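Heads up: the structure comes next, in structure tokens.
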Amino acid sequence: MGTVTLKPEFVLEGIDQFNQHYKQIMDYGFTKSEIEKVKTKMLQSFKTRVIRESAPSASGMMNQINQDFYYGNKIIPLKSELNLLEDNFTKIDSLVLLKELKNTNQQGSFKYLLSANSKLVENLPKDSLLLSHIRNRDSITVLPYKNNMIVPNELLGYIPTPGKIEDMKLIPEIGAKKIYLDNGAKVIYKKTENAEDKIIISGFKQGGYYALDSTDYVKSMYVSPIVSISGYGDFSREALSDYLTGNSAKVQLLLDRTRAGFSGSANNMDVNSLFKLFYLKSVHPRVDTTLFNQVKERMLKSLDNKEVTAKDKFYEELKFLIRGEDYTTRQQTVKQIQEDLAIESVKPIYDRFFGVADDYIITVLTDQELPAILPLITTYIGGLPKGNVSNDYEYNPRPVLKKPTSLIKNTGVSPKSIVSLVYQQNKVERDIPKLQIENNLLESILKIKYTERLREDLGVVYGVGVSISSTKHPVPLSRQTISLVCDPKDVNLIKSEIRKIIEGIVNGDINIEQDLMKVKNNLIKNHRLKKQSNSYWTRAIRDYYYNGYRNWNFTYNYEKMVQDVTIRRLKKKAKTYFIKTPEIKAILHPKP
């Protein structure tokens with residue numbers, strides 16, 4: 001099976017190119033370098049499994065038993081399987097694979113499936129023309145594939161000038177050390193036994209799209225994707241992928257509304273490559289003109305062909321009600337992309353967020369001792385250029401609505417009504433970890449009560465969505481949303497029941513003691529599981545600095561924080577969120 005996505009305006013050309021590549025593969029197979037690249041990746045992945053799997057997992061054993069029973073594949077240890085893999089790989093070359101491809105090609109006719117949405121179907125070429133291009137496959141002549149890609153010998157052609165350590169402090173609550181570098185970056189080193197022969201690095205700095213002027217907002221969304229497909233330093237994207245074949249190092253740089261950052265990992269044997277790759281991607285972005293134009297063209301086509309449904313329009317109006325209508329909430333337009341997205345703007349925005357060390361908080365998790373990692377930290381993190389870039393938020397959202405507001409539309413295509421009830425407050429308590437626990441508990445209890453009443457007792461919904469969240473970025477905001485889909489005739493009944501449940505919890509008529517005990521136990525159980533993973537610590541350290549927490553209680557004292565939440569506290573929270581706060585009622589009914 002082979003699948004391609006065709007551009008609507010180049011369907012025939014796309015079919016021709018697909019046929020050419022397909023015939024090229026069937027006539028000539030693959031090159032030696034292509035085959036060796038795949039072999040290397042497969043072997044490296046399997047070796048990693050052997051290193052990490054001291055005992056086979058239950059699911060792995062079940063899979064092997066299934067393979068043995070149905071297909072006669074004998075159960076053998078992973079090490080023996082690796083030996084088989086290595087032995088057989090020596091026997092697989094381009095001729096062996098070409099013979100296998102030709103055998104496959106003779107097993108039956110090749111069938112084509114062309115699918116498109118209703119709008120595009122109307123503009124497709126005639127069936128006879130499509131068939132004529134499809135049938136050209138066997139008559140065309142193709143040449144063997146040649147790869148003229150140039151792959152540099154080193155990730156970096158130089159070693160950055162190392163930075164200096166200005167200070168180093170112990171963080172005893174989490175068993176970590178905070179390293180202050182003279183270029184403005186701060187590194188949190190934590191030794192963990194869960195690293196499994198890996199090293200994990202991640203970092204962030206406040207800012208993101210909201211730190212930019214309104215004229216740069218849309219441009220910034222395309223910065224990371226364009227650089228990512230263009231490559232870094234002397235490497236094209238394909239050359240970098242080829243260079244890293246068999247190397248476990250990977251780094252991804254990310255940019256969103258309120259922060260910029262990265263995540264990366266590698267096996268211990270590739271730790272040098274990991275830090276070099278981070279430095280390369282931070283300091284040496286490429287912007288390829290051809291690829292930039294392709295991205296821009298693709299975006300313009302997608303906007304031009306986009307079908308806006310009644311449901312889309314409804315949710316856009318709801319978004320404007322909740323967040324206000326401004327440059328961050330309006331849909332992008334063809335004119336806007338044509339005029340604003342310029343190639344010369346990509347690198348300056350990228351460099352602003354990733355090219356300087358200022359305000360970087362970087363976490364390093366590893367099972368290696370600090371002296372072994374410190375030279376890499378000072379060289380490739382401490383070697384990042386200094387800068388003086390403001391990451392303060394430029395964007396200031398509209399204040400929340402002070403009066404109840406309704407958005408009622410009768411334009412839906414579905415026979416069901418879509419109901420959303422939204423509540424917002426421009427206040428967030430200072431103790432964010434405690435607030436998040438309370439939000440999680442109240443959210444879970446409301447889901448239980450709504451499900452019991454609306455689905456199990458009344459049978460008027462399949463499910464009810466409840467979301468309660470709070471943030472300090474870019475401004476303090478708490479938001480609560482209740483959403484569901486139902487029969488139009490049941491909307492008023494459901495809304496009345498939702499209100500009764502809230503009021504019953506607040507005034508004590510509805511007992512939530514057992515539900516609270518259950519959701520507390522679930523929250524604690526999930527926290528224990530999460531704490532065993534490295535992603536827990538990268539997220540915990542990020543949240544501590546990003547939100548300005550006063551202490552580390554939420555890591556080592558989490559279970560007590562959960563148990564300390566009282567029914568009285570949740571009643572007060574529910575009253576603030578759902579009774580004292582004006583309601584935004586949005587309903588999309590089916591059209592008459």
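The values are calculated or read from the model by the stated rules, or taken from the named source; none is laboratory data. In this text the structure is predicted, and so the values were computed from the model without any measurement. Using ideal geometry, Cβ is built from the backbone for each residue, glycine included, and neighbour counts are taken over all protein chains shown.
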Every listed condition ((1) surrounded by 15 or more Cβ atoms within 10 Å (Cβ to Cβ); (2) touching a residue at least 12 places away in the same chain (Cβ under 8 Å); (3) within 31 Å of the chain's Cα centre (by Cα)) holds for TYR28 save (3)
Looking at (1) surrounded by 15 or more Cβ atoms within 10 Å (Cβ to Cβ); (2) of a type in the set (S, T, N, Q); (3) in contact with a helix residue (DSSP H, G or I) (Cβ under 6 Å, 6 or more places away or on another chain), which one does THR378 not meet, given that it meets all the others? (3)
Subset of the range 496-517, residues surrounded by fewer than 14 Cβ atoms within 10 Å (Cβ to Cβ), within 20 Å of ASN439 (Cβ to Cβ) and either aliphatic (A, V, I, L, M) or touching a residue at least 60 places away in the same chain (Cβ under 8 Å) (or both), comes to MET517
Total residues in the range 37-61, condition without any contact (Cβ under 8 Å) to a residue 40 or more places away in the chain, surrounded by 11 or more Cβ atoms within 10 Å (Cβ to Cβ) and in a helix (DSSP H, G or I): 8
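SER115 - would you say it is outside the structural domain of VAL364 (by TED's automatic domain parsing), of a type in the set (Ser, Thr, Tyr), in a helix (DSSP H, G or I) and more than 30 Å from TYR279 (Cα to Cα)? Don't jump to the end; show me each part of the working.
On the way: outside the structural domain of VAL364 (by TED's automatic domain parsing): yes; of a type in the set (Ser, Thr, Tyr): yes; in a helix (DSSP H, G or I): no; more than 30 Å from TYR279 (Cα to Cα): yes.
For SER115, the condition - outside the structural domain of VAL364 (by TED's automatic domain parsing), of a type in the set (Ser, Thr, Tyr), in a helix (DSSP H, G or I) and more than 30 Å from TYR279 (Cα to Cα) - is not met.
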Evaluate the following for GLY2: is it in a loop (DSSP other than H, G, I, E, B) and either at pLDDT below 90 or basic (Lys, Arg) (or both)? yes
If I go through the range 75-117 residue by residue, how many of them are touching a residue at least 60 places away in the same chain (Cβ under 8 Å) and among the small types (Gly, Ala, Ser)? 2
For the range 471-494, pairs from a residue that is polar (S, T, N, Q) to a residue that is assigned to a loop (DSSP other than H, G, I, E, B), with Cβ under 6 Å and 6 or more apart or across chains, are SER478/VAL428
With respect to VAL223, is the statement that it is crowded, with 17+ Cβ neighbours inside 10 Å, in contact with a Lys or Arg (Cβ under 8 Å, 6 or more places away or on another chain) and of a type in the set (Val, Ile, Thr) true? no
For the range 211-285, please list each of the helices (runs of 4 or more DSSP H) lying entirely inside it that holds at least 3 residues being closer than 30 Å to TYR393 by Cβ and touching a residue at least 40 places away in the same chain (Cβ under 8 Å). 217-220, 223-230, 271-283
Given the conditions (1) part of a helix (DSSP H, G or I); (2) out of contact with any Pro (no Cβ under 6 Å at 6 or more places or on another chain); (3) farther than 19 Å from TYR145 by Cα; (4) aliphatic (A, V, I, L, M), report the number of the one that LEU120 does not fulfil. (2)
Provide a single number: the residues in the range 5-32 that are in contact with a helix residue (DSSP H, G or I) (Cβ under 8 Å, 6 or more places away or on another chain) and either within 17 Å of LEU131 (Cα to Cα) or part of a helix (DSSP H, G or I) (or both). 14
